[in-house]
Amino acid sequence: MTGDPTLHHRPVTLFVNAGQTVTCAGPARARRGAEMQDAGVQVGVGVAVQGDRFVAVDRDDVLRRRFPDAEEIDCDRGVLAPGFVDSHTHTLFGRARYEEHELRATGVPYLEIAARGGGIHASVRDLRARSDEALRSLAVPRLQKLAAGGVTTVEIKSGYGLTVYDELRSLRVIAGLAASQPLNIVATCLGAHEVPLEYRDRSNGRLEWIECLIHDLYPAVAAEQLAAFADVFCEPGVFTTAEARRLLEAARTHGLQPKLHADELHDGGAAALAAELGAVSADHLAAISPAGIAALAASDTVATLLPSTMLFLGTGRQAPARALLEAGAAIAIATDLNPGTSPLQSFPLVLTLAVSQLRLSASEAWIAGTVNGAAAVGLAGVTGQLREGFRADLAVHAVDDFRALPYWFGERLCQVAWASGRACHLSPQTLASHGIAPS
Ligand code: NIG
Ligand code: FE
């Protein structure tokens, strides 16, 4: 930024001629309750990008006067917006799990499949058998698909390794992705995704695995700076709240901030635990209790809702988003991209589900996918808003109104996405209009 002596000479790019601009501009923190009703939609406003930052957000004519030599990108009357922050994904996995999708359709519940050694365990067996390069080459096109929907920042969890070796290996592959492809990546250690089968079958196995996470994995992750967060699948039948508390308190002593898979299928008091621990987010919450709602509303923990997961599991239920908002909580939305419960690589579809299933307004859905997603990964002061000084993470969608993105569901409407001031997606139409054949 200002400390960089080369910045003056770096070229400026203007994004101009937007039909609407969703700025999401406001305080650099999660928006809660009624604050989510204003997505800062403006007309005639563009942005100036220099290096990896926005250097101005202003009327097109003002930008052109201020930066007369800048290159211009024409938004073609589309919607200019912050890039989405997909704050909850399990993008690093091997094969798909088609068989479980059908098994659930016959009535076998998700946790029953896991109890039989399928579910997460199936993905663990699969990941352990794959090379780093194989995992990397499966993850890259998934990230490209997310970018094609306007995502510019992605949180990726480990959690399909479930040995110290394979969890560290997963996080190193995630670090390699962060360094070698254009999307911004945030890593989370989810060593507490399950009790691995080889421990589950031993008498003291649960405790041994928990001790292994606390004494071996977390310190090693911290020593290599491989993750910002530690997450626990806190759910009756997986990890209890007492175990999650112990794990996350230990993780925090190593600088890993807590996140929680909380009250996804059954209420176990995990949302209240997240609030008590000051977790950055409590995620899922389809079975949250009134006490859990009150606890989150009174805390700074972001309630991250994953509507595609409940849809794909066919539970016929969704998290009580309106009750959370009425209580004053901050809501984020994310894909939960994973092979078991949400094989979804389209963030715009999450916006649609947020409106149609969670009953958010379009403005609330946009804030949930940008500012509040950023807050859910500790980046509220960095991304999620079109604001001077913020990271140049943006997208242009070929729609005439910000409400059209959740409305026209199932379409590919994102024309351009930039992450940290660099293109991470160009649609076939955009490439054709520049005379470039799509690869
Ligand atoms: O967020 N709930 C736990 N973890 C994932 C599912 C993981 C899997 O089934 O592979 C989730 O839904
Ligand atoms: Fe998840």
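The values are calculated or read from the model by the stated rules, or taken from the named source; none is laboratory data. Just so we're clear, the structure is a prediction, and the values are computed from it rather than from any experiment. Neighbour counts run over all protein chains shown; Cβ positions are idealised from the backbone, glycine included. Accessible surface areas use protein heavy atoms only, side chains included; no ligands, DNA or RNA. Shrake-Rupley method; radii C 1.70, N 1.55, O 1.52, S 1.80 Å.
Based on Cβ point charges of +1 for Lys and Arg and -1 for Asp and Glu, what charge dipole magnitude is obtained for the stretch 214-312 about its Cα centre, in debye rounded to the nearest 20?
120 debye
Taking the inverse of the average 1/r across all pairs of different Cα atoms in the stretch 333-439, what Kirkwood radius in Å do you get?
Details: mean 1/r = 0.0665 Å⁻¹.
With all distinct Cα pairs of the stretch 333-439 included, I get 15.0 Å.
Taking a probe of 1.4 angstrom, what is the accessible area of D300 in Å², to the nearest 10?
It works out to around 130 Å².
Which of the peptides 275-285, 413-423 is most tightly packed, and how do the rest follow, going by the mean number of other Cβ atoms within 10 Å of each residue?
275-285, 413-423
Carbon and sulfur atoms: what percent of the 1.4 Å accessible area of the stretch 281-420 do they account for?
53 percent
Quick one: Cα centre-to-centre distance for the stretch 169-211 and the stretch 105-127, in angstrom?
Taking the Cα centre of the stretch 105-127 as reference, the centre of the stretch 169-211 is 17 Å away.
For R317 and R95 in the same chain, what is the full-extension length gain: residue separation times 0.36 nm, less their Cα-Cα distance, in nm?
77.2 nm
Calculate, for E326 and A242, the FRET efficiency according to 1/(1 + (r/R0)^6) with r their C-beta to C-beta distance and R0 30 Å; round to the nearest 0.05.
0.45
Quick check for you: which residues of the stretch 13-27 have the amide N under 14 Å from the point 7 Å beyond the Cα of Y407 toward its beta carbon?
20, by backbone N distance to the label point.
Could you give the dipole magnitude of the chain about its Cα centre, charging the beta-carbon of Lys and Arg +1 and that of Asp and Glu -1, in debye to the nearest 20?
With only Lys, Arg, Asp and Glu charged at Cβ, the dipole is about 240 debye.
Which trypsin sites (Lys or Arg not before Pro) from the stretch 73-112 combine a DSSP loop assignment with at most 14 other Cβ atoms within 10 Å? Intermediate results must be reported in sequence, preceding the final value.
On the way: sites: R77, R95, R97, R104; in loops: R77, R95, R97.
Passing sites in the stretch 73-112 are R77, R95.
As a test of the formula, what do you get for the chain when each DSSP H run with n ≥ 4 contributes -39,500 (n - 2.57) and the sum is divided by the residue count, at 222 nm and rounded to the nearest 500 deg cm²/dmol?
Taking each H run of at least 4 residues, the total per residue is -10000 deg cm²/dmol.
Calculate, axis by axis, the spread of Cα positions in the chain along the three principal axes, and write the results as whole Å, longest axis first.
Computed over the chain, the largest-to-smallest principal extents equal 72, 45, 43 Å.
Taking 56 Å as R0, compute the FRET efficiency from the Cβ-Cβ separation of H434 and D216 and round it to 0.05. Could the numbers behind the result be given before it?
Details: r = 51 Å, r/R0 = 0.91.
The value I calculate is 0.65.
Loop only per DSSP, at most 14 neighbouring Cβ atoms within 10 Å: give me the trypsin sites (Lys or Arg not before Pro) in the stretch 287-392, ordered by residue number. Numbers along the way, then the final one.
Numbers: sites: R317, R322, R359, R387, R391; in loops: R317, R359, R387.
Sparse-neighbourhood loop trypsin sites (Lys or Arg not before Pro): R317, R359.
Rank G149, G119, G205 by mean-square fluctuation in a GNM of the chain with C-alpha springs under 10 angstrom and give only the top-ranked residue.
The residue that fluctuates most here is G205.
For Cα pairs less than 8 Å apart in space and 6+ apart in sequence, what is the mean separation divided by the residue count of the chain, i.e. the relative contact order in percent?
RCO, the chain: 22 percent.
Once you have a ≥ b ≥ c as the square roots of the Cα gyration tensor eigenvalues for the stretch 94-204, tell me rounded if a/c is under 1.5, and otherwise prolate or oblate according to whether a/b is larger than b/c.
Oblate, since a/c reaches 1.5 and b/c is not below a/b.
Mark the label point 7 Å from the Cα of A34 along Cα→Cβ and return the residues of the stretch 307-337 whose backbone N is within less than 17 Å of it.
322-331
Can you send over the carbon and sulfur percentage of the accessible area for the stretch 70-110, probe radius 1.4 Å, protein chains only?
52 percent
By how many nm would the segment from A223 to D201 lengthen if fully extended, with 0.36 nm per residue of separation less the alpha-carbon distance? Don't skip to the end; give the middle numbers.
Values: separation 22, 0.36 × 22 = 7.92 nm, distance 3.06 nm.
Difference between extended and current length: 4.9 nm.
Could you do me a favour and compute the accessible area per residue for the chain, 1.4 Å probe, result in Å²?
Per residue, the chain has 38 Å² of solvent-accessible surface.
Nearest 10 degrees, 0 to 90: what angle lies between the long axis of helix 164-180 and the longest principal axis of the chain (Cα atoms)?
Result, in degrees: 10.
If S363, S180 are ordered by their accessible area, calculated over protein heavy atoms with a 1.4 Å probe, which sequence runs from highest to lowest?
Working: S363 20, S180 65 Å².
Ranking S363, S180 by accessible area, largest first, yields S180, S363.
Could you give the length gained by full extension between V43 and E133, i.e. 0.36 nm per residue of separation minus their alpha carbon distance, to one decimal place?
Roughly 27.9 nm would be gained on extension.
Using only Cα atoms, tell me the angle between helix 241-253 and the longest principal axis of the chain; keep it within 0 to 90° and round to the nearest 10.
Once rounded, one gets 60 degrees.
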